[in-house]
Amino acid sequence: MRDTCVLVKSSFSKTRTTTRTTRTTRTKSSSSSKEVSKSDILYAHVENAEHDSLGHPECAARIPAILEKLENDSEFFLERKKDQSIVLLENPPLATVEDLVPLDIHSQNYMKSLEFLAKTKAPCQIDASTYMTPSSFEAALASIGASNALVDAVLKGKTKTGFALVRPPGHHAVVKGPMGFCLFNTAAAAVRYAQTQYPNDIKKVLVYDFDVHHGNGTNDIFAKDPTVLFVSTHEDGSFPGTGKISDIGQDEGEGTNINVPLPTGAGEKSVLEAFDLVVEPAARRFQPDFIVVSAGYDAHWRDPLANLNFRSRTYHYLSSRLKKLSEDLCDGKIVFLLEGGYDLTGLPEGVAESFAALVGEKSLEQKDPGLFEEPFEKAKKVIQEVKSVHQLL
Ligand SMILES: [Zn+2]
């Protein structure tokens with residue numbers, strides 16, 4: 001049984017976060033893609049093997065399972081790596097607290113407390129579902145470093161799409177603390193990084209979150225911000241219970257949070273309807289300069305933590321729609337960041353489908369999984385209500 005960690009005020013080391021033993025010092029981003037023509041996908045993987053907890057679904061086996069599927073069971077992947085339309089970003093840089101402070105995502109007190117806990121109390125539980133090991137603080141920073149390096153590569157025109165295979169996930173993390181397996185909000189950091197590092201080019205950002213759970217952290221961080229359109233499709237009533245249709249943002253940000261809570265059991269037909277009737281028209285109306293995707297794969301029918309019924313190929317359809325949308329609206333500038341996905345067959349299959357879509361390959365799914373009929377009429381009613389609340393034609 002783990003100890004319970006308590007987030008407390010603490011003295012905060014002013015020194016830069018030390019580089020992990022498995023990493024070299026900070027490297028320039030996208031070094032592996034420098035002389036080649038623009039790749040279709042530049043991807044990075046940050047396993048964070050020491051951020052692990054026995055029996056926990058957010059486990060260190062997730063990233064290796066994805067890589068195994070891509071490298072050993074997806075013919076197109078090796079072919080596309082050979083012709084350099086898929087390129088690996090090697091040794092992505094580790095972010096530091098000093099990198100995070102100007103992004104203004106998390107309170108400094110929270111970041112100080114988390115570092116203190118990692119040094120003094122870990123391993124322990126921070127809340128009912130979020131664990132902390134001595135390496136977790138650096139793990140969360142490593143995920144942000146890799147994600148932001150991919151943002152750089154996309155915005156500097158070195159690749160069409162960035163894909164960050166990182167963990168822990170981030171979209172539940174709120175300003176003042178961790179939540180739901182998440183320590184730092186990686187998607188929010190990517191948005192703010194793009195806006196602060198490329199202020200002339202990136203003013204408005206769309207975040208689309210297709211994780212089965214509502215991205216409450218990202219939703220709340222940008223609730224009052226009219227420059228960020230946050231759109232989420234998720235299972236109604238699943239953790240953490242937020243993401244109702246009525247949550248539309250506040251003050252100047254009113255209307256720029258769009259939540260589509262799909263009924264339990266909903267699947268491919270429902271989410272594609274939601275994409276075509278809500279996500280796409282809202283994005284076209286908003287006209288983003290850049291798109292960040294909170295790419296969680298736990299709406300897959302195999303996933304143990306929730307009850308939507310996406311097929312593996314559903315992620316192909318969603319990813320190809322997102323690619324097309326980014327090409328139409330913002331010169332193809334899009335970055336996918338891994339969030340949830342806890343079934344070690346469903347998660348790799350879903351990610352492989354996304355990769356296939358992003359390089360123009362057809363879906364890899366061979367067999368119809370024979371799912372029960374989804375509650376499409378119920379989903380349609382939800383989608384109609386969202387359209388009406390947000391005045392989408
Ligand atoms: Zn999730």
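No lab work stands behind these numbers, since they all come straight from the coordinates. Note that this is a predicted model, so its numbers are computed, not measured. In this analysis, Cβ positions are derived from the backbone assuming ideal geometry, glycine residues included, and neighbour counts consider all displayed protein chains.
Here are the numbers for this structure:
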| read-out | value |
| --- | --- |
| Sparse-neighbour loop sites [GluC sites (Glu not before Pro); the range 317-393; at most 14 other C-beta within 10 Å; DSSP] | Glu373 |
| Only Lys, Arg (+1) and Asp, Glu (-1) charged, at Cβ; the chain dipole about Cα centre in debye | 1020 |
| Projected area averaged over orientations for the range 135-197, convex hull of C-alpha atoms, nm² | 4.3 |
| Proximal lysines relative to Lys160, as straight alpha-carbon distance under 20 Å, when same-chain residues fewer than 8 apart are discounted | Lys28, Lys34, Lys38, Lys81, Lys82, Lys203, Lys204, Lys323, Lys324, Lys333, Lys362 |
| Centroid-to-centroid separation of the range 134-160 and the range 32-82 [C-alpha atoms, Å] | 14 |
| Rounded to the nearest 20 debye, dipole of the range 164-220 from Cβ charges on Lys, Arg, Asp, Glu | 140 |
| Cα pair distances in the range 318-361, grouped into 10 Å bins until the bin that holds the longest one, percent each | 27, 50, 20, 3 |
| Cα-centred dipole magnitude for the range 159-308, charges only on beta-carbon of K, R (+1) and D, E (-1), debye, nearest 20 | 360 |
| Cα pair distances exceeding 32 angstrom across the chain, given as percent | 27 |
| For the range 66-108, fraction of C-alpha pairs farther apart than 13 Å, in % | 68 |
| Sorted by Cβ neighbour density within 10 Å, fewest at the top, the residues Asp331, Asp303, Asp99 | Asp331, Asp99, Asp303 |
| Positive dipole terminus of the chain, leading residue within Leu308, Phe116, Thr233 (C-beta point charges) | Phe116 |
| Rounded if a/c under 1.5, otherwise prolate or oblate - the range 118-261, Cα gyration tensor axes | oblate |
| Ellipsoid semi-axes in whole angstrom, largest first, where each is sqrt(5λ) of the Cα gyration tensor of the range 255-313 | 24, 13, 10 |
| Exposure proxy ranking, count of Cβ atoms within 10 Å, fewest first, for Tyr342, Tyr317, Tyr43 | Tyr317, Tyr342, Tyr43 |
| Cα lying deepest toward the dipole's positive end in the chain, options Val279, Gln125, Ala194, charges on Cβ | Ala194 |
| Range of Cα positions in the range 318-393 per principal axis (Å), largest first | 39, 36, 23 |
